[in-house]
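The structure is given below, and queries will be raised subsequently.
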């Protein structure tokens, strides 16, 4: 319980800073819209079922926008040696990573909501038909992205090529999660029935979340120790 | 015969004839030569069996023989990645850089074997399917595995401080292994959904002639021996590099 309340304190701090400066929110939001615009040149948007494409498109946008948010997560603590101060404080490393992940999770969900709305307008897509199920998929997949992003944000924070190394490391790791999210989102947006084959991807999301969250908690100390 | 000597030369050529100063390094040298030599003998025997004794496969013809390298290379790579993961855990709990060097060496050699797997598979696919590549779950998962461990090497390259490099790359090694498990599990779950031209013989079911299947496992041994000798070599380089680095730091 103690560890969780520390994590909550970190997340609240990060979100408070973010909502005041809107640093990564503006950047990631604008980036997501720009990518949605670019995709319109790559694909035939006049095709009869844009929702089919949107499921795949959206998760690529979220992965790209997410990398911006994850990069900021720990880089934010670099000026004035804030990270050293946080490590010296009684806050456990695992709480620090989970707290950062939760802050990124909230920010990414906001960017996702904006992108979904924009995608609905740009690509003439009805996304409100199965909103509760879609929300569950988004929450599960976004948590997976956030926890991996937070761990690797911590891992790359001291590297020379931080901005470059983070995407190179996280995208291959996120493939199972992104595949699952794309399958489920595609099925929900096109209003298809959730067959057992599609539902299996839900299990992939849950397993991914559980395994990577436990590993993040176990390895946080080793990654953040200086 | 020229086919037979090729892989042997490439494994032998990697052994440098550098000055062996301490008694310990002489033992290591002998170990490398012993493993590589044993691998050479076994490989020569296996190549004879594969090309001269075993007949062509009924439907695929001569090209099926690539499986005798394709599958053992994958097995070698995965054994390596898992051993490296275990060593990474050992490093994190003991903080002895020896384990880090070994894990790095194993991951690097395993990456080479993973590439052998994907290249041989691609050649086979060109002949049998008519295409070099398809975005099938199995192929994709192997590519993901290669990309993760390529990232591992990139990460090691971008960190100068040895203990930091060891800690961070150990963490990535553990994460990478878990992801491979997840990717491979998802293939099992979705196999029935994708009955397409995937390599079903790789699962080893009842679809394969026992003598052919035995040849696959027999060829795993020399490939593992080559991997081990390369790992010993690479681990020694790694620890020498670390020693040089620490000497340089002391001077500066």
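Throughout, read-outs are computed from the coordinates displayed, never taken from laboratory work. Everything quoted here is computed from the prediction, not taken from an experiment. As a convention, Cβ positions derive from the backbone with ideal geometry for all residues, glycine included, and neighbour counts pool all protein chains shown.
Which value results when the Cα radius of gyration for the range A:2-224 is divided by 2.2 N^0.38 Å?
Dividing the Cα Rg of the range A:2-224 by 2.2 N^0.38 Å gives 1.02.
Could you state the number of Å between the C-alpha centres of the range A:103-155 and the range A:18-92?
Between the Cα centre of the range A:18-92 and that of the range A:103-155, the gap is 10 Å.
Compute the helix-to-body angle for A:23-42: its Cα long axis versus the longest principal axis of chain A, expressed 0 to 90° and rounded to tens.
The two axes meet at around 30 degrees.
Report relative contact order for the range A:2-224 in percent, whole number only (criteria: Cα-Cα under 8 Å, sequence separation at least 6).
So the answer I get is 30 percent.
Under the rule a/c < 1.5 gives rounded, and otherwise a/b versus b/c splits prolate from oblate, where does the protein assembly as shown land using the Cα gyration tensor?
Oblate.
Then there is this: Quick one: which of B:107-119, A:206-218, A:64-76 comes out on top by average Cβ neighbours within 10 Å, and what's the full order, highest first?
A:64-76, B:107-119, A:206-218
Points 7 angstrom from Cα along the Cβ direction at residue A:133 and residue A:19: gap in nanometres?
For the pair residue A:133/residue A:19, the computed spacing is 3.3 nm.
I've got another one for you. In degrees, nearest 10, range 0 to 90: what is the angle between the Cα axis of helix A:2-21 and the longest Cα principal axis of chain A?
70 degrees
Going by a ≥ b ≥ c, the root eigenvalues of the Cα gyration tensor, does the range B:26-84 fall in the rounded group (a/c under 1.5), the prolate group (a/b larger than b/c) or the oblate group?
Numbers: a/c = 5.64, a/b = 1.63, b/c = 3.45.
Oblate shape, in that a/c is at least 1.5 and b/c is the bigger or equal ratio.
OK, next. Once the Cα atoms of helix A:196-224 and of chain A are each reduced to a long axis, what angle between those two axes, in degrees from 0 to 90 to the nearest 10, is obtained?
Approximately 20 degrees, to the nearest ten.
Which of A:143, A:201, A:127 comes first, and how do the rest follow, when ranked by fewest Cβ neighbours within 10 Å?
Fewest-to-most Cβ neighbours within 10 Å comes out as A:127, A:143, A:201.
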